[in-house]
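Enquirer: First the structure, then my questions, so here it is.
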Amino acid sequence: MKDLLNKPIGKKSGNEKYPEKTTINLLVRETGFGDPKRRIAIMVVVVILAAVFLKFLVFDRIWAAYEAEREYTEIKQQIAELQIVNKDYEKIRQEYGHYGNGYMNGEESMEQDRAAMMSVINSEILSKADIQSIQISENLAIVTIDNIKLGTVSSIVAALESQKTVSFVNVSTAGTNSDSGSSVQATLNINFKENGGKK
């Protein structure tokens, strides 16, 4: 070693040997995450991110699927209960269908509404004459009025025929005098239009 140190620099000889390193130092100074506080902070951040991921992308979707399945099961059960309750619906509908117009046959569905017919009779006849009787069959209303003047009968007929639901009116009178001022008994055959405005 002394010879190497005392050897002049710059001069080389063929027999000179350079020092060789025969050992490796494995002791390395740690940098970056070596601080325990920093490691704990990073671990906390990772745990929080994992928890957020699990909540929003896993647990929330699983819960939504569970809720949808529960609602579907409840609706399916309600439908089954309604089907049990309504199992006799067709029979009941046939029994009580005659109370409404939804189950009328072809001829019945063409008949004018009775309430509309009575409304016309009340508005155009009852206010002008004494009604003795009313008979309604299909679209025909037969109204008998008594003690009425012929001129009033003519005005009643004109008023009836001006109604949009009335097709035409036939009149037959019973009296001893043809004078328009005399009182007679009259029978009005009021022909109403079919339901829907035809005829």
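The values are calculated or read from the model by the stated rules, or taken from the named source; none is laboratory data. Everything numeric in this text was worked out from a predicted model, so none of it was measured. We place every Cβ from the backbone using ideal geometry, glycine too, and count neighbours over all the protein chains shown.
Enquirer: What are the residue pairs meeting all of these: first residue in region 121-136, first residue in contact (Cβ under 8 Å) with a residue 24 or more places away in the chain and surrounded by fewer than 14 Cβ atoms within 10 Å (Cβ to Cβ), second residue of a type outside the set (D, E, K, R) and in a strand (DSSP E or B), Cβ atoms under 7 Å, and 6 or more apart or on different chains?
Expert: Q132/T144; Q132/I145
Enquirer: I'm told Y99 meets every condition in (1) surrounded by 10 or more Cβ atoms within 10 Å (Cβ to Cβ); (2) among the hydroxyl-bearing types (S, T, Y); (3) modelled with pLDDT under 85 except one. Can you identify the failing condition by its number?
Expert: (1)
Per-residue answers, yes or no, for (1) crowded, with 17+ Cβ neighbours inside 10 Å; (2) assigned to a loop (DSSP other than H, G, I, E, B); (3) modelled with pLDDT of 80 or more:
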| site | (1), (2), (3) |
| --- | --- |
| I156 | yes, no, yes |
| Q163 | yes, yes, yes |
| V169 | yes, no, yes |
| S172 | no, no, yes |
| N177 | no, yes, no |
| G181 | no, yes, no |
| Q185 | no, no, yes |
| N191 | yes, no, yes |
| G197 | no, yes, no |
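Enquirer: Moving on to the next point. Quick one: which residue in I84, I92, I42 is surrounded by fewer than 10 Cβ atoms within 10 Å (Cβ to Cβ), in a helix (DSSP H, G or I) and out of contact with any Asp or Glu (no Cβ under 8 Å at 6 or more places or on another chain)?
Expert: I84
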